[in-house]
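The values are calculated or read from the model by the stated rules, or taken from the named source; none is laboratory data. This structure is a prediction, so every number in the text was calculated from the model and none was measured. Don't worry about glycine lacking a Cβ; one is built from the backbone with ideal geometry, like all the others, and counts go over all protein chains shown.
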Amino acid sequence: MSAQAEGMVVGLLRRTWAMTWKDVTVELRARERINAMLFFAALVLFIFNFALGPDREKLREVAPGLLWLAFLFTGMLGLGRSFQAERENECFEELLLTPGDRESIFFGKLAGNVLFMVTAEALILPLFGILYNLDIWAYLPSLALVAFLGTLGFSTLGTLLAAMTAHLRAREVMLPLLLFPLTVPVILGSVRATEVILAGGRLGEVGHWLKLLAGFDLIFLVVSPLVFEFVLEE
Amino acid sequence: MGSWGFIGLAYGVGSVALLLYLILLKRRLRDARDELAALEGDGGRGSR
Amino acid sequence: MGERTVAASVPWASEGGRAGARPSLAAKALGAAAVVVLATGLYLGLAVVPPDAVQGEVQRIMYLHVPSIVTAYLAFFVVFCSSILYLWKRDLRFDAVAVSSAEIGVVLTGITLATGSIWGKSTWGVWWTWDARLTLTAILFTIYVGYLMLRAFAEEPQAGARYGAVLAIIGFLDIPLNHLAVQWWRTLHQPSSILRPGGPSVASVMLVPLAINFAGLILLYTYLLLERIRLERIRHRAAETRLKRGRRG
């Protein structure tokens, strides 16, 4: 790689890291986001149990779906807040003045969102295992892979749409309304793969779903930063 | 409902939907034209 | 930083005195042609072509259902292209095409959903099943209704155009992914009769009303598109006039 290209990549990574670090430190101070996400996830898991009744077998059947419902609703909550600080403090203009590409802002925000969502999932998963009596530990590596691929895809489009809806009227409704239909491939792929894994199946059996998830992630990881600049401009 | 009942329903819904859209479009066009005419007719009278 | 100034003046809105006041000759011709072609297709599909050997008379609903969804996809492809062009050239004409095509596409998708559901009721006895085709159509409908809502709720029209263009690009790229995912998820629907590697498996006589109705809907779509663009043009002109008025006062 030429020295110039190398310099550009390093610059991008550094600016991205700066953006992520900013979001993480803000969160660590107040812990607002992650607390809300965890509390909401626990609530969801409990309520599902009450809503679906005591039948152990029935719960087992729908468990993968429930897990991902918890992940997705929690993720949605986190995404909704990812541009909240900027919106409330009118910092959008400040973002634009930061030297560097819009791409690094996008990747920085994305990394932060993925971090928060994965952290939440890491805490939800054991709780889920306990409440629904499922041995998640035996399948942890496979589950983690599926969770990561799905989270990445969901967060990529989620970050883009969160930036777009930050200014809108009815933004709490618009973000889910726009995001969920677009992320149906992620939802279907993640749930189906999780289902097979929790039933003891091997990763090879869900190869096509994993490829779909990976393909989804790749496509939108390329396209989203490209169109992100059109979302941010003023 | 017999077969032709369903067929009638399907084509009926389709036609009504397209017709309604067209009628509403014409109405929006008329309103927009009126609004534009009002704005342009307001010519030299200065800002409101 | 300011290399992307948005065009405040829209030439097509202000040129010509009463430009846009009446439907163009081309539009009127297209509208008339659409009526003729669709009437022909209707007649052929309902009165001339024999009923399907397996499904009976209700198969005739397909002569509306299939052309409807294909035209909708065409409409959304137009939205995709004009959205890219808008973000690239910043010419509001492209944005006008995008929003117009999306509106008509949503109407056509709605018709597809309704006719699909009615066909389902007549064949399977239920108004809704989560089979691949119906589900995909419902998702498509939601995506583009979301597009229209996004534009409507934006803080100002320029932002709405921008956001909409981004969403339209993302949405269209998403469609094939949705297709794969939903089809793998379940297929109760009959496998695609027309778009199969071996060629159409529909009896050739049935292809005639399908093709005619498809042509008719394309003509109708084009007519509606031109009229809807004309509406945008008038609105742009009104906005521009208001802007000039504000500057003067």
Here the residues within region C:48-58 that are in contact (Cβ under 8 Å) with a residue 60 or more places away in the chain and in contact with an Asp or Glu (Cβ under 6 Å, 6 or more places away or on another chain) are none
Somewhere in region C:70-82, is a residue more than 25 Å from C:A168 (Cβ to Cβ) and not aromatic (F, W, Y)?
no
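Name the residues in region A:133-169 that are outside any helix (DSSP H, G or I) and within 14 Å of chain C (Cβ to nearest Cβ), would you?
Result: A:A166, A:H167, A:L168, A:R169.
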Only unsatisfied item for C:A159, checking (1) under 23 Å from C:D52 (Cα atoms); (2) more than 12 Å from chain B (Cβ to nearest Cβ), is (1)
Tell me which residues, restricted to region A:193-234, are at the interface with chain C (Cβ under 10 Å from one of its Cβ atoms), buried (at least 21 other Cβ atoms within 10 Å of the Cβ) and of a type outside the set (V, I, T).
A:W209, A:L212, A:L213, A:F216, A:F220, A:S224, A:F228
Qualifying position, being in contact with a His (Cβ under 8 Å, 6 or more places away or on another chain) and at pLDDT 90 or above, among C:L38, C:L92, C:L42:
C:L92
Right, C:S193: over 30 Å from C:R235 (Cα atoms), over 23 Å from the mean Cα position of the chain (by Cα) and modelled with pLDDT under 90 or not?
no
Does C:I175 qualify as being crowded, with 20+ Cβ neighbours inside 10 Å, touching a Phe, Trp or Tyr at 6+ places or on another chain (Cβ under 9 Å) and within 14 Å of chain A (Cβ to nearest Cβ)?
no
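Conditions (1) closer than 30 Å to A:D101 by Cβ; (2) touching a Lys or Arg at 6+ places or on another chain (Cβ under 6 Å); (3) modelled with pLDDT under 90, marked per residue:
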residue: C:G2; (1), (2), (3): yes, no, yes
residue: C:T5; (1), (2), (3): yes, no, yes
residue: C:A19; (1), (2), (3): no, no, yes
residue: C:L25; (1), (2), (3): no, no, yes
residue: C:L30; (1), (2), (3): no, no, no
residue: C:V48; (1), (2), (3): no, no, yes
residue: C:Y63; (1), (2), (3): no, no, no
On the given criteria, is A:P185 out of contact with any Lys or Arg (no Cβ under 8 Å at 6 or more places or on another chain), part of a helix (DSSP H, G or I) and within 15 Å of C:N178 (Cα to Cα)?
yes
Any residue in region C:107-119 that is within 11 Å of another protein chain (Cβ to nearest Cβ) and surrounded by fewer than 17 Cβ atoms within 10 Å (Cβ to Cβ)?
no
Just to confirm my filter: which helices (runs of 4 or more DSSP H) fall fully inside region A:48-125 and include at least 3 residues that are at pLDDT 90 or above?
A:56-80
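Kindly establish whether C:T71 is in contact (Cβ under 8 Å) with a residue 60 or more places away in the chain and within 12 Å of another protein chain (Cβ to nearest Cβ).
Answer is yes for this residue.
Answer yes or no as to whether C:F77 is away from every other protein chain (no Cβ under 13 Å), in contact with a helix residue (DSSP H, G or I) (Cβ under 9 Å, 6 or more places away or on another chain) and surrounded by fewer than 19 Cβ atoms within 10 Å (Cβ to Cβ).
Judged against the criteria, C:F77 is a match.
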Would region C:80-91 turn up any residue that is hydroxyl-bearing (S, T, Y) and surrounded by fewer than 21 Cβ atoms within 10 Å (Cβ to Cβ)?
no
Kindly indicate the residue of region B:11-48 that is within 7 Å of chain C (Cβ to nearest Cβ) and more than 24 Å from C:L225 (Cβ to Cβ) and also modelled with the highest pLDDT among those meeting that condition.
B:L39
